[in-house]
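Worksheet: one structure, shown below.
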Amino acid sequence: MQPVAPPTARSRPPRQRLRLAALGTALVALLGTYLAIGAGPAAAAEITLSQGRPATASSVEGAYAASAAVDGNAGTRWSSAFSDPQWIQVDLGSARPISRVALNWEAAYASDFRIQTSTDATNWTTIHTTVNGTGGSKSITVAGNGRYVRLHSTKRATAYGVSLWEFQVFGDDGGAPPPPPPGGPIVRVAEFPADCPFSHRLPDDPIIYPRLAGASHMHSFFGNTSTNANSDYTSLANASSNCNPAIDLSSYWVPTLYNNNVPVEPTIATFYYLGEGVRADVVAQTQPMPLGLKIVAGNARATGGDDSIARWSCLHAGHIPPGKDFVNCPAGTQMESYLDFPQCWNGRDLDSPDHKSHMAYPVNQGCPSTHPVHVPKLRQVLRYPVNGNPANFRLASGPGYTMHGDFFNAWPAAEMERRVRDCIRPVIKCNHDGRY
């Protein structure tokens, strides 16, 4: 009997041939996987490590904060003072491999600069040096590792400072995005507060009647303990404050309240810095208040409620309707005053002849084109230990609807910038220390 030869592939039934082909394909795929594993892991993807991370700078010109260079918005920028050297740095949250840095210079650029990394923001390693740079948009390949990445400018190309539309740091994803800023559960309210109790009383107003002692009606002052008719930014910055946080050297003042002609001061005076009343995209572009900014809210010469933005209400007596004039609060409660300051700045002037025209309130949830810079909205909340017949009350300026507030900004620039960056823009409710 002749042995029967095994069937050839050509002689096998079609269905069997298909099964063998599928098996062969699977073996090839398995072999490919094996070879890939044997060759090592695939390269990690390059991602943007810097966007939205905390940024600081050696100096800030006006409202052009460091955070604007890492916000992913090519229409906002950081700008420095007009001197050398200058730097901007970003905190990546943890040490990361750095593969590339992209710079989008404004017209005021650095001709000589270094890219540096650090693990502690104190000791720096240079990973790139540019001499006689030409500005514009540059993509710089680097090799380094660090939590902090800094651009250190040593020579300006123009008479101005140095200015970046965007400062981007790229690196390996490491299997996970950069860690979020430290802190507990996030409350999505754009806010940071300052509690500033009553400091002193004077018939002075360094905004309306500068250097004219006694020219004003009586004011109650909060925060900076030195405020008088001669106060300016320098004197405030070199004085002390009773605020929590004490680093807020700003001055706040209102017309003194009288009960049966006896002055009464608030038991609580809180000044909230808020991101509200405008669209989310406007909040995301909020800029720090510039040093020395003066803002006046309310109308000391109001002749009725229609001329007033004042709000009076009763603490723990919500059934009493609020009003623009004093309200009749039940025994055991306190009378509250609320006042919202304008939050749209013209971007140029720290004051104006009428002390109001450089600021504006939002229109249709945005800042008008005449006042395009959105700054935190200041809300003044005062609680007075009075209740009962409103006829017993008066302000130094007149009836309750003449309530007004004055603000002279003396926050240290870095602290104001940090709070705007960490609290207002990301819509986070922060404590007095500007953290959550």
Given (1) farther than 30 Å from A74 by Cα; (2) under 32 Å from the mean Cα position of the chain (by Cα); (3) at pLDDT 95 or above; (4) of a type in the set (S, T, Y), index of the condition Y338 fails: (3)
Region 260-293, residues that are of a type in the set (A, V, I, L, M, F, W, C), closer than 19 Å to S337 by Cα and open to solvent by 30 Å² or more (accessible area, probe 1.4 Å): V262, I268
Test result for V296, under 21 Å from Y401 (Cα atoms), in contact with a His (Cβ under 6 Å, 6 or more places away or on another chain), open to solvent by 10 Å² or more (accessible area, probe 1.4 Å) and not hydroxyl-bearing (S, T, Y): yes
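Okay, residues lined up against (1) in a loop (DSSP other than H, G, I, E, B); (2) farther than 22 Å from V60 by Cα:
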{"site": "S99", "(1), (2)": "no, yes"}
{"site": "A108", "(1), (2)": "yes, no"}
{"site": "D120", "(1), (2)": "yes, yes"}
{"site": "N123", "(1), (2)": "yes, yes"}
{"site": "T134", "(1), (2)": "yes, yes"}
{"site": "S139", "(1), (2)": "no, yes"}
{"site": "G144", "(1), (2)": "no, yes"}
{"site": "Y148", "(1), (2)": "no, no"}
Of all residues making up region 268-302, the number that are part of a loop (DSSP other than H, G, I, E, B) and either under 20 Å from V70 (Cα atoms) or at pLDDT 95 or above (or both): 15
Residues being open to solvent by less than 20 Å² (accessible area, probe 1.4 Å) and either in contact (Cβ under 8 Å) with a residue 60 or more places away in the chain or over 20 Å from S83 (Cβ atoms) (or both) - total across region 107-139: 3
Unmet requirement for N224, which otherwise passes all of (1) surrounded by 17 or more Cβ atoms within 10 Å (Cβ to Cβ); (2) free of Cβ contacts under 8 Å to residues at least 24 places away in the same chain; (3) within 30 Å of A190 (Cα to Cα): (2)
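Residues are listed down the side, and each one gets a yes or a no for (1) open to solvent by 40 Å² or more (accessible area, probe 1.4 Å); (2) over 20 Å from F221 (Cα atoms):
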{"site": "H371", "(1), (2)": "no, yes"}
{"site": "P376", "(1), (2)": "no, yes"}
{"site": "P390", "(1), (2)": "no, yes"}
{"site": "P399", "(1), (2)": "yes, no"}
{"site": "W411", "(1), (2)": "no, no"}
Of residues in region 167-219 being aliphatic (A, V, I, L, M) and farther than 25 Å from Q287 by Cα, the one modelled with the lowest pLDDT: A176
Filter result for L395 (touching a residue at least 40 places away in the same chain (Cβ under 8 Å), in contact with a helix residue (DSSP H, G or I) (Cβ under 7 Å, 6 or more places away or on another chain) and of a type in the set (A, V, I, L, M, F, W, C)): yes
Residue match in region 89-103 (condition: within 30 Å of M289 (Cβ to Cβ) and open to solvent by 50 Å² or more (accessible area, probe 1.4 Å)): no
Failed condition for T256, given (1) open to solvent by less than 10 Å² (accessible area, probe 1.4 Å); (2) in contact with a Gly (Cβ under 9 Å, 6 or more places away or on another chain): (2)
The lone exception for V327 - which of (1) open to solvent by less than 20 Å² (accessible area, probe 1.4 Å); (2) out of contact with any Leu (no Cβ under 8 Å at 6 or more places or on another chain); (3) closer than 24 Å to S226 by Cβ it fails: (3)
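The values are calculated or read from the model by the stated rules, or taken from the named source; none is laboratory data. Because the structure is predicted, anything quoted here is derived from the model rather than measured. Glycine gets a Cβ as well: all are built from the backbone with ideal geometry, and neighbour counts include every protein chain shown. Ligands, DNA and RNA are excluded from the accessible area calculation, which covers all protein heavy atoms including side chains. Shrake-Rupley method; radii C 1.70, N 1.55, O 1.52, S 1.80 Å.
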